[in-house]
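Down below is the structure, laid out as structure tokens.
The values are calculated or read from the model by the stated rules, or taken from the named source; none is laboratory data. The structure presented is a predicted model; accordingly, all values stated were derived computationally and were not measured. Please note: Cβ atoms are built from the backbone with ideal geometry, for glycine as well, and neighbour counts cover all protein chains shown. Heavy atoms of the whole protein, side chains included, go into the accessibility calculation; ligands, DNA and RNA do not. Shrake-Rupley method; radii C 1.70, N 1.55, O 1.52, S 1.80 Å.
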Amino acid sequence: MVTAAILLSTGDAEIDGVPLALLPWHGDETLIEYHIAQLQAAGVDVIEVVLGHEAERIIPLVARDNVEPIVDGRWQADAASGVRVGATAVPRDTEAAIIVRVDEPRPMGVYRRLLDEHLRSGAAITRPAFEGTPGAPIVVDRALLAELRNATDAAGGLDGILARHAGGTQDVVFESGVVLMRIETAEEYAAARESGAFD
């Protein structure tokens with residue numbers, strides 16, 4: 001049974017002129033390297049890193065055993081393209097895939113618990129929740145990977161697929177708001193680093 005991660009890092013968002021993926025995180029570790037380390041520690045077998053903006057700078061940081069960087073040539077024109085590229089790249093015997101965005105870092109324990117709950121439940125989709133609010137990342141069953149490989153902007157992309165399978169979605173309740181954190185501004189970046197949630 002293979003578990004895979006699709007790590008999406010295509011956008012051109014920057015903080016103080018630094019792409020999100022290359023932001024310093026722990027010591028000499030960048031944000032994208034943190035993602036990979038936590039996913040591997042959680043037991044993910046294969047990580048597909050989908051890149052767009054500044055891909056040539058990021059590839060040397062992520063190319064390693066069981067981590068495959070893939071450049072999405074359509075990232076600027078097609079929002080659903082990254083999901084399609086990542087879903088196409090995962091091994092065909094993948095049982096579950098966790099979809100992670102570079103601006104939503106999570107510690108290993110979040111990934112591990114979501115994967116465990118997903119594989120135990122047989123749900124189509126598993127997502128975290130905090131105080132009634134759905135968070136990220138999400139885990140999808142192998143049956144949904146075919147839909148992800150054909151996701152289009154016209155059909156709502158990933159959000160459209162999630163909406164169509166709302167009845168097969170389970171929420172895993174977390175006691176920490178870390179599952180809602182997103183880094184889009186300098187203030188959110190500073191708050192995340194100071195929170196202690198990622199130590």
note = Cβ-Cβ cut-off under 12 Å around residue 98, Lys and Arg +1, Asp and Glu -1: the net charge is -2
Accessible surface, per residue, of the range 96-144 when the full set of protein chains is kept, probe 1.4 Å, Å² = 36
note = For the chain, averaging the sequence separation of alpha carbon pairs under 8 Å that lie six or more residues apart and dividing by its residue count, the contact order in percent is 23
request  = Would you kindly state the longest site-free stretch of the chain, with sites defined as GluC sites (Glu not before Pro) in a DSSP loop (not H, G, I, E, B) surrounded by at most 14 other Cβ atoms within 10 Å?
outcome  = 1-130
remark   = Summing -39500 (n - 2.57) over every DSSP H run of at least 4 in the chain, dividing by its residue total and rounding to the nearest 500, the 222 nm mean residue ellipticity is -9500 deg cm²/dmol
remark   = If the chain between residue 153 and residue 14 were fully extended at 0.36 nm per residue, the gain over the current Cα-Cα distance would be 47.7 nm
note = Ignoring ligands and nucleic acids, residue 138 exposes an accessible area, probe 1.4 Å, in Å² to the nearest 10, of 20
key: Size-normalised alpha-carbon gyration radius of the range 1-119, reference 2.2 N^0.38 Å   = 1.00
remark   = Expressed in square angstrom to the nearest 10, the accessible area of residue 182 with a 1.4 Å probe stands at 100
